[in-house]
Structure formats: C-alpha cells, structure tokens
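Laboratory data are not the source of any read-out in this text; all were calculated from the coordinates shown. Please read these numbers as outputs of a predicted model, since none were measured by experiment. Virtual Cβ from ideal backbone geometry, glycine too; neighbours counted across all protein chains shown.
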Amino acid sequence: MKSSSNSVCIICGKKKNGFEVEEDLFIKGIRRIKKVLGIEKKNKLVVCEECYPRYLKMRKKFEDKQKHFTILWVIFFGIVIIFSPDKISAIFFSLILLFLFLLLLVPYYIPKLKEAKEKLKSKK
C-alpha cells in the first residue's frame, strides 16, 4: 500500500491509504468532466483494507454483468445481421444496442486495482 494524504477509498469514501485503483478511460473521463466543471479534487482513488472483501464482491458482480451483456449483444448482433436485409442499418442498430448495454453497465462499474492480490499475499 502506498501512502498519500489525498487517498480516498472508492467504497467507503473515507480518506484512507489502500490499494491503488487503475486509471482507465472511465475514470479519466470523469476527471476531465470534473476539471471542466471546476470541481476536481485530484484525490488518489484507493480501496482500503477494510473494504477490500466488499470490493471483491462488487468487482465480481460487475465482471459477471459485463459477460452477460457481452453474450446478449453478440446474440442480438448475430440475429440482426442474419435476418436483416439491410446490413448497414443492422450494424448501426447493433452499435446503438452496444451503447445501451454499456450505459446499463455504468451503475455496476468498479475499476480494477493495481497489484492488490500480490500485496495481500506478501503480507500473510
């Protein structure tokens, strides 16, 4: 675990040290929006040790939803492409459907951590 005075746990919201969160496109996008709005705090996002078990459950739920939506989208994409006489509009419809599935995933979103498992194993 790295120490920083501006570390905030993404689960409990308290200022704590913990396992660092990976900065992905979603987090970078949110930071960019906050910067434009002038409300950026430049906190380092972490998951504290107390919240780590809860984080694992939430991350698994997100990954499961991601798999389910991917399978559903592939099925819909295949059906639409096979049965549609106009392939261009079928692809367009499938992309809209993909965007909707991605929007449905947002409430379940939990980012990956940087090297949390290795650090826990080395501690024990």
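Per residue of the range 62-71, in order, report the coupling 6.51 cos²θ - 1.76 cosθ + 1.60 (Karplus, θ = phi - 60°) as ³J(HN,Hα) in whole Hz, putting x for Gly and Pro.
Each residue's phi maps through the Karplus curve to give 4, 5, 5, 4, 4, 5, 4, 5, 5, 4 Hz.
How far apart, in nm, are two points set 7 Å out from the Cα along the Cα-to-Cβ line at Arg54 and at Thr70?
2.8 nm
Give the aspartates and glutamates reachable from Lys112 as a straight Cα distance under 12 Å; neighbours fewer than 8 places away on the same chain don't count.
Cα-Cα hits under 12 Å: Glu20, Glu22, Glu23, Asp24, Glu63.
Specify the residue with the greatest mean-square fluctuation among Lys87, Lys112, Lys15, computed from a Gaussian network of the chain linking alpha-carbon atoms under 10 Å apart.
Of the options given, Lys87 has the highest mean-square fluctuation.
What's the long-distance tail for the chain, i.e. % of Cα pairs beyond 17 Å?
Result: 67 percent of Cα pairs exceed 17 Å.
Distance in nm between label sites at Lys14 and Val106, each 7 Å beyond Cα in the beta-carbon direction?
3.0 nm
May I ask for the net charge around Gln66, where only other residues with Cβ less than 14 Å from the Cβ of Gln66 are counted and Lys, Arg are +1 while Asp, Glu are -1?
Taking every other residue near Gln66 into account, the sum is +3.
Figure the gain on full extension for Ile96 and Lys42 (residue separation times 0.36 nm, minus the Cα-Cα span) and round it to one decimal in nm.
16.1 nm
Using the Cα centre as the reference, give the magnitude of the dipole from point charges on the C-beta atoms of the chain (Lys, Arg: +1; Asp, Glu: -1; all else neutral), rounded to the nearest 20 debye.
The calculation lands at about 760 debye.
Go through Lys34/Lys61; Lys35/Lys61; Lys15/Lys65; Lys41/Lys65; Lys14/Lys35; Lys16/Lys65 and tell me which ones have a Cα-Cα distance over 25 Å in this structure.
Lys34/Lys61; Lys35/Lys61; Lys15/Lys65; Lys41/Lys65; Lys16/Lys65
With both partners inside the chain, how many of the DSSP beta bridges are antiparallel, as a percent to the nearest 5?
Taking every DSSP beta bridge with both residues in the chain, the antiparallel ones total about 60 percent.
With axes computed from alpha carbons, what is the tilt in degrees of helix 25-37 against the longest principal axis of the chain, rounded to the nearest 10 within 0 to 90?
That works out to roughly 70 degrees.
Could you work out the helix-only [θ] at 222 nm for the chain, with each DSSP H run of four or more residues adding -39,500 (n - 2.57) and the total divided by the number of residues, to the nearest 500 deg cm²/dmol?
Value at 222 nm, helices only, nearest 500: -19500 deg cm²/dmol.
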